[in-house]
Amino acid sequence: MSGIDDRAAFIRANTRIQYPPLAPTIALHLADEATELWQKTEDELGEIGLPPPFWAFAWAGGQALARYILDNPSLVAGKRVLDFASGSGLVAIAATQAGAARVEACDIDAFAICAIGLNGALNNVAITARLADLVGANEGWDVVLAGDVSYQKDMAGAVTRWLADLAQRGALVRIGDPRRSYLALDVLQSVGEYSVPVTRALEDAEIKRAAVFAFRLG
């Protein structure tokens with residue numbers, strides 16, 4: 001690693017324990033709005049060996065999805081769950097608190113994997129964190145959850161096709177999103193709506209309207 005040798009120590013030093021507004025039973029290592037590091041450009045972050053720190057914030061779609069799972073525990077209770085592009089691990093932790101039998105959380109950022117481990121331990125839950133891009137995989141998950149995965153065109157298209165295929169094969173798939181530009185609304189239907197307090201440094205409003213979506217199958 002080019003600039004940061006101890007990811008866990010870095011995360012602890014640059015975050016503090018906070019509770020997302022929509023999931024106040026879950027503690028996470030999150031960055032403050034005023035933390036200078038999170039205002040750096042992508043090039044500046046690259047110079048110190050840090051990818052864009054998506055894991056350091058409780059994004060609107062993830063908060064909505066976590067709340068939805070906590071309010072509907074029967075969807076995951078006793079089941080094998082994948083939290084895709086997990087970031088902080090918020091949704092994965094919600095699934096464990098709702099009674100899932102096994103929860104896996106994947107991300108392509110090693111810092112996110114470290115954060116998931118720290119946050120799982122903080123909440124006394126067992127999560128299998130996987131440094132992997134699982135798009136296209138089918139490992140028999142009963143439930144697949146994905147928050148905030150529609151902000152980039154190519155990624156959103158590939159993920160949507162994969163999730164739709166899993167849903168067609170029988171998995172329960174839920175997507176949390178504040179209706180970002182590349183969300184595939186033509187194939188999705190809302191199953192829950194939420195007003196989410198978010199950081200103004202990252203979003204265009206202090207309250208973001210987010211929803212949880214399911215695929216229209218037929």
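The values are calculated or read from the model by the stated rules, or taken from the named source; none is laboratory data. None of the values given here were measured: they were computed from a predicted structure. Here the Cβ positions follow ideal geometry from the backbone for every residue, glycine too, while neighbour counts run over all protein chains shown.
Out of all the residues in the range 165-218, which are of a type in the set (A, V, I, L, M), part of a loop (DSSP other than H, G, I, E, B) and either modelled with pLDDT of 95 or more or within 23 Å of Leu82 (Cβ to Cβ) (or both)?
Ala171, Leu183, Ala184, Leu185, Val187, Leu217
Which of the residues that make up the range 156-171 are surrounded by 17 or more Cβ atoms within 10 Å (Cβ to Cβ) and of a type in the set (A, V, I, L, M)?
Ala156, Val159, Leu163, Ala164, Leu166, Ala167, Ala171
Pairs, please: C-beta under 8 Å, at least 6 apart or cross-chain, first residue part of a helix (DSSP H, G or I) and in the range 55-82, second aromatic (Phe, Trp, Tyr)?
Trp55/Phe111; Ala56/Trp38; Gln63/Tyr194; Ala64/Tyr194; Arg67/Tyr194; Tyr68/Tyr194
I want to confirm something. Restricting to the range 21-48 and keeping residues that are touching a Leu at 6+ places or on another chain (Cβ under 8 Å) and modelled with pLDDT of 95 or more, which single residue is farthest from Ala98 (Cα to Cα)?
For the range 21-48, the residue satisfying everything is His29.
Right, Ala158: in contact with a Gly (Cβ under 9 Å, 6 or more places away or on another chain), more than 14 Å from Asp83 (Cα to Cα) and at pLDDT 95 or above or not?
Taking the combined requirement at face value, the residue satisfies it.
Report every pair of residues separated by at least 6 positions or lying on different chains whose Cβ atoms are under 6 Å apart, first residue within the range 4-21 and in a helix (DSSP H, G or I), second surrounded by 13 or more Cβ atoms within 10 Å (Cβ to Cβ) and of a type in the set (Gly, Ala, Ser).
Ile11/Ala115
Considering each residue of the range 119-134, count those that are of a type in the set (A, V, I, L, M) and over 15 Å from the mean Cα position of the chain (by Cα), and give that number.
4
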